[in-house]
Amino acid sequence: MPAVQTILGAAAILVAGLAVRAHYLDASSRWQVYVFKPLATLLILALALSLAPASPSYQWAVAAGLLFSTAGDVFLMLPRDRFVAGLASFLVAHLCYIGAFSIGVPFGAAPLLWLPFLAAGGVVLALVWPGLKPALRAPVTVYVIVIAAMAGQAAGRWHLLGGWLALAAALGAALFVASDAVLALDRFRRHFPAARALTLATYWAAQLLIALSVSAG
């Protein structure tokens with residue numbers, strides 16, 4: 001990997017670590033969350049755009065997903081509850097990723113690989129359902145279906161194409177599902193102190209792997 005991509009990747013990992021740490025500091029250090037959280041995702045976006053792509057369309061779809069993810073990061077970290085806006089931003093991000101993972105690969109070409117993600121989403125949805133306000137139940141259900149489809153499509157793409165780049169995207173998509181599952185359980189089922197670290201670590205690992213999948217190899 002050229003030096004600029006190495007620097008961007010290392011910087012993204014460092015800033016992501018600082019963002020995770022910032023969530024466990026006292027209120028006087030809250031400003032660090034506002035700085036480091038969106039910056040980590042923006043650095044991953046810069047990495048995706050700096051790579052020589054196998055497909056420009058794929059690169060731009062992934063970049064769009066990262067841009068909407070940054071918007072989601074901002075909405076979810078604001079002092080006032082902007083959960084619905086954050087959910088909508090990440091929903092669009094997943095639709096962008098579905099678009100990327102469907103370039104050169106039929107949509108739903110390996111439907112059996114969707115089943116584990118749909119099943120996991122169903123289990124998480126059942127666990128958090130009692131804690132969801134009625135107004136949130138439909139949007140959250142739609143979101144679960146879309147993120148499961150995103151991960152299933154990424155897995156199917158790897159199944160059809162093979163190679164480490166398709167594998168990176170598939171692993172990233174699976175980690176995204178895991179990240180959102182932890183976030184949902186922590187927010188709507190039962191809070192636990194390690195949830196924020198687990199959510200953010202898997203989230204940025206997911207985004208980094210998806211960004212790396214842009215490369216022509």
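Annotation for the stretch 194-203: no member residue is touching a residue at least 60 places away in the same chain (Cβ under 8 Å), of a type in the set (Phe, Trp, Tyr) and buried (at least 19 other Cβ atoms within 10 Å of the Cβ).
Taken over the stretch 109-163, the criterion of being more than 20 Å from the chain's Cα centre (by Cα) and of a type outside the set (A, V, I, L, M) is satisfied by Pro111, Trp129, Pro130, Gly131, Lys133, Pro134, Arg137, His159, Gly162, Gly163. For the stretch 35-50, a residue qualifies if it is buried (at least 16 other Cβ atoms within 10 Å of the Cβ) and either in contact with a Phe, Trp or Tyr (Cβ under 8 Å, 6 or more places away or on another chain) or closer than 19 Å to Gly86 by Cα (or both), and the qualifying residues are Phe36, Lys37, Pro38, Leu39, Ala40, Thr41, Leu42, Ile44, Leu45. Being touching a Pro at 6+ places or on another chain (Cβ under 9 Å), modelled with pLDDT of 95 or more and either hydrophobic (A, V, I, L, M, F, W, C) or not in a helix (DSSP H, G or I) (or both) narrows it down to one residue among Ala155, Ala173; which is it? The unique qualifying residue is Ala155.
Filter the stretch 141-165 down to the residues that are out of contact with any strand residue (DSSP E or B) (no Cβ under 8 Å at 6 or more places or on another chain) and surrounded by fewer than 21 Cβ atoms within 10 Å (Cβ to Cβ) and list them by number.
Narrowing the stretch 141-165 to residues out of contact with any strand residue (DSSP E or B) (no Cβ under 8 Å at 6 or more places or on another chain): 141-164.
Correct list: Thr141, Val142, Tyr143, Ile145, Val146, His159, Leu160, Leu161, Gly162, Gly163, Trp164.
The values are calculated or read from the model by the stated rules, or taken from the named source; none is laboratory data. Predicted model only: the values in this text are computed from it and were never measured. Backbone-built Cβ (ideal geometry, glycine too); neighbour counts: all protein chains shown.
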